[in-house]
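Written below as structure tokens is the structure these notes are about.
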Amino acid sequence: MTEASGIRLDDVSRSFAGRGASVQALDHVSLDCPAGSFTAVIGPSGCGKSTMLRVALGLDAPDGGTVSVAGLTPSQAARAGITGVAFQDAALMPWRTVEANIALPLDVLDIARRDKADKIAGLIRLVGLAGFEKALPGELSGGMRQRVAIARSLVTDPRVLFLDEPFGALDQILRRQMNIELQRIWVESGATTLLVTHGIDEAVFLADRVVVMQSRPGRIGRIIDIPLQRPRRPDIFASAEFHRLEDEIAGALNGH
Ligand SMILES: Nc1ncnc2c1ncn2[C@@H]1O[C@H](COP(=O)(O)OP(=O)(O)OP(=O)(O)O)[C@@H](O)[C@H]1O
Ligand SMILES: [Mg+2]
């Protein structure tokens, strides 16, 4: 993995003019995610987390500041298939089957891969949806739809992965399983990963560091390093050091 797959936000601001007062969703946010690192972003609802991801994906333009993804502009990186994304809502195409939804980035970006069928079958197994290849999104539960979105985010073998609360609709047990899977995927792929989550435990388990945001205006409050050894096994959730880190993040969320 070269240094070229890092994510860099430099003094990024984005405000929205609403019906009432305008909202400063991002207020001079700077963040440097080195190549291959895993960063979790946590913060109160409405603090600008999804806006940060949208800007980094080139889906929204900042009012000020610059963003680079793997040394490219966000839209160049997205067009090149360097970025993968799973949104907060699964955002599936309702008329496409599970396997066709997973294949969507390849179709949209016109990426031919000889192992396409194998890749998609492997991703379907990975997210536990074997047997649902031909199902339509309307026939799936919310958690299953989210798992399709996770599989889709990985189909281009992205070097940079953006995940916006991908496990929000999953029950606690499945969520833990997916956390463990995601750690494995991250280790194997070496993808620079930026995960937005409301789960403090998920952030501590997965991340090298946790970015705690504050709202109105959306800013980075603190960045907390997670020095837990890797690979992290499930029993780490119960360790004293894990709880100490959770408490530190909870404190930072409360402005301490
Ligand atoms: N397209 C838009 N038009 C107007 N306001 C917007 C738009 N997108 C975001 N906002 C505002 O920007 C702020 C940040 O929104 P954002 O979606 O980034 O929050 P978030 O941190 O992802 O919240 P959540 O945890 O609830 O998903 C909110 O106040 C929201 O109302
Ligand atoms: Mg959001």
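The values are calculated or read from the model by the stated rules, or taken from the named source; none is laboratory data. Everything numeric here is computed off the predicted structure, so don't read it as measured data. Note that we place each Cβ from the backbone using ideal geometry, even for glycine, and neighbour counts take in every protein chain shown. Calculation scope for accessible area: heavy atoms of the full protein, side chains included, ligands and nucleic acids excluded. Shrake-Rupley method; radii C 1.70, N 1.55, O 1.52, S 1.80 Å.
Taking the range 137-174, which residues are open to solvent by 40 Å² or more (accessible area, probe 1.4 Å) and part of a helix (DSSP H, G or I)? Hits for the range 137-174 are 138, 139, 145, 172, 173. Residue 205 meets all of the listed conditions (1) more than 16 Å from ligand 1 (Cβ to nearest atom); (2) part of a helix (DSSP H, G or I); (3) of a type outside the set (Val, Ile, Thr); (4) touching a residue at least 40 places away in the same chain (Cβ under 8 Å) but one, namely (4). Looking only at residues in the range 237-256 that are surrounded by 15 or more Cβ atoms within 10 Å (Cβ to Cβ) and of a type outside the set (Asp, Glu), the one that is farthest from residue 9 (Cα to Cα) is 237.
Close contacts from the range 28-56, counting a first residue that is free of Cβ contacts under 8 Å to residues at least 60 places away in the same chain and a second that is assigned to a strand (DSSP E or B) and open to solvent by 20 Å² or more (accessible area, probe 1.4 Å), with Cβ to Cβ under 8 Å and a gap of 6+ residues or different chains, come to 32/8; 55/14; 55/67. Count of the range 225-236 residues, restricted to those that are open to solvent by less than 50 Å² (accessible area, probe 1.4 Å) and more than 21 Å from the chain's Cα centre (by Cα), is 1. For residue 145, the criteria (1) touching a Pro at 6+ places or on another chain (Cβ under 7 Å); (2) within 16 Å of ligand 1 (Cβ to nearest atom); (3) farther than 24 Å from residue 7 by Cβ; (4) not aliphatic (A, V, I, L, M) hold in every case but one, which is (2). Search the range 215-241 for residues that are farther than 15 Å from residue 39 by Cβ and pair each with any residue that is assigned to a loop (DSSP other than H, G, I, E, B) when their beta-carbon atoms are under 6 Å apart and the residues are at least 6 apart or on different chains. Listed by first residue and then by second, the contacts come to 215/44; 215/46; 215/47; 218/47; 218/48.
For the range 192-201, a tally of residues being more than 14 Å from ligand 2 (Cβ to nearest atom) and crowded, with 24+ Cβ neighbours inside 10 Å returns 2. Scanning the range 62-89 for residues that are at pLDDT below 95, touching a helix residue (DSSP H, G or I) at 6+ places or on another chain (Cβ under 7 Å), of a type outside the set (Phe, Trp, Tyr) and within 14 Å of ligand 1 (Cβ to nearest atom) yields 85, 86, 88. If the condition is being within 16 Å of ligand 2 (Cβ to nearest atom), among the aliphatic types (A, V, I, L, M) and closer than 14 Å to residue 191 by Cβ, then the range 152-173 contributes only 163.
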